[in-house]
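Working notes, structure below.
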Amino acid sequence: MDLLGIDIGGSGIKGALVNAETGALVADRLRIPTPKPATPKAVSQVVAQLTQHFDYQGPIGCAFPARMKGGVAQIATNVDKAWIGTNAEALFAKATGCPVVVLNDADAAGVAEVTFGAGRDRNDLVLMLTFGTGIGSALFADQRLIPNTELGHLHLPSGQHAESYAADRARKEEDLSWSDWAKRVQAYLTHVEFLLDPDLIVMGGGVSKPKRTAKYLHLLDTKAELVPAQLQNEAGIVGAAYYAFAQQQA
Ligand code: BGC
């Protein structure tokens, strides 16, 4: 079964049809720049545009960069404040005429990794962390998602706000070398391990591309197995589509 997966990000909104059995994209994905300001109305128009582009009718899964409960955005650190309290599922359903499920972006990426990627067949505690504009987290116990963990907002023992200190955005904005950035990520991982003791940590986001992991992964030392994400750019789309598929089956 092919489902439409949509990944809503700060700079782009990407959509593709995904084969829910294999996690593969059925055709090329389409990326539309995120409208500015990214208000609920403007974003829902893009979601409708993507649905029309793929000439799609059916369940849609959307990944969104905020805590989502029952389709409603709870906090909005890197998105327009108008999203707080907005029922994104109802809004997108109205705009597309399709049933829509919306989940946190890191949760979606994690669902993709535990189903088709680096966390496949793991029946222990798996933590997916995404490093981008923010730090997203997704926790899985025996393949079961514990949603909305928001571990990017932890404070480190040094007092630093983890996301402001160690996201990929900090590396870019502060022009950090890979090894200086890796020291920050290490401080974060050490703290997260102290709190949760995961068995596997999957590093996702733009930094999970092979040519990037070569620059820092060997500098990190964790008790858990530490591996890069396998689905990289597509993880949000694939995870969101799979999540919508799984909800249909439930
Ligand atoms: C948000 C999370 C999101 C993460 C990655 C954080 O600022 O609070 O909900 O998963 O950024 O986009």
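The values are calculated or read from the model by the stated rules, or taken from the named source; none is laboratory data. Remember, it's a predicted structure, so these values are computed and weren't measured experimentally. Here the Cβ positions follow ideal geometry from the backbone for every residue, glycine too, while neighbour counts run over all protein chains shown.
Within the stretch 122-145, residues that are free of Cβ contacts under 8 Å to residues at least 60 places away in the same chain have Cβ atoms under 8 Å from residues that are within 15 Å of the ligand (Cβ to nearest atom) and of a type in the set (Asp, Glu) in these pairs: ILE135/GLU163; SER137/GLU150; ALA138/ASP107; LEU145/ASP107, counting only partners at least 6 apart in sequence or on another chain. Could you count how many residues in the stretch 44-93 are of a type in the set (D, E, K, R) and over 20 Å from the mean Cα position of the chain (by Cα)? Going through the stretch 44-93 one residue at a time, the tally reaches 1. Among the residues of the stretch 105-152, those that are more than 16 Å from the ligand (Cβ to nearest atom) and part of a strand (DSSP E or B) comprise LEU125, VAL126, ALA141, ARG144.
Restricting attention to the stretch 59-70, the residues that are part of a loop (DSSP other than H, G, I, E, B) and either out of contact with any Pro (no Cβ under 8 Å at 6 or more places or on another chain) or modelled with pLDDT under 95 (or both) add up to 4. Specify the residue that is surrounded by the most Cβ atoms within 10 Å (Cβ to Cβ); the eligible residues are those in the stretch 180-232 that are under 18 Å from the mean Cα position of the chain (by Cα) and among the small types (Gly, Ala, Ser). The extreme case among them is GLY204.
Could you check the stretch 79-102 and list, in sequence order, the residues that are within 14 Å of the ligand (Cβ to nearest atom), within 12 Å of THR39 (Cα to Cα) and of a type outside the set (Asp, Glu)?
The answer is VAL79, LYS81, TRP83, ILE84, ALA88.
Which residues, counting only those in the stretch 1-53, are charged (D, E, K, R) and not in a loop (DSSP other than H, G, I, E, B)? Once the filter is applied, which keeps residues that are charged (D, E, K, R) and not in a loop (DSSP other than H, G, I, E, B), the stretch 1-53 yields ASP2, ASP7, LYS14, ARG31, LYS41. Filtering the stretch 40-78 to residues that are surrounded by fewer than 22 Cβ atoms within 10 Å (Cβ to Cβ) and within 14 Å of the ligand (Cβ to nearest atom) leaves ARG67, LYS69, VAL72, GLN74, ILE75, ALA76, THR77, ASN78.
Of all the residues in the stretch 157-187, those that are part of a loop (DSSP other than H, G, I, E, B), away from the ligand (no atom under 16 Å from the Cβ) and not acidic (Asp, Glu) number 5. Checked against the criteria, VAL207 does not count as within 24 Å of ALA108 (Cα to Cα) and either away from the ligand (no atom under 13 Å from the Cβ) or acidic (Asp, Glu) (or both). With respect to (1) more than 30 Å from ALA244 (Cβ to Cβ); (2) among the polar types (S, T, N, Q); (3) more than 18 Å from the chain's Cα centre (by Cα), the lone exception for ASN123 is condition (1).
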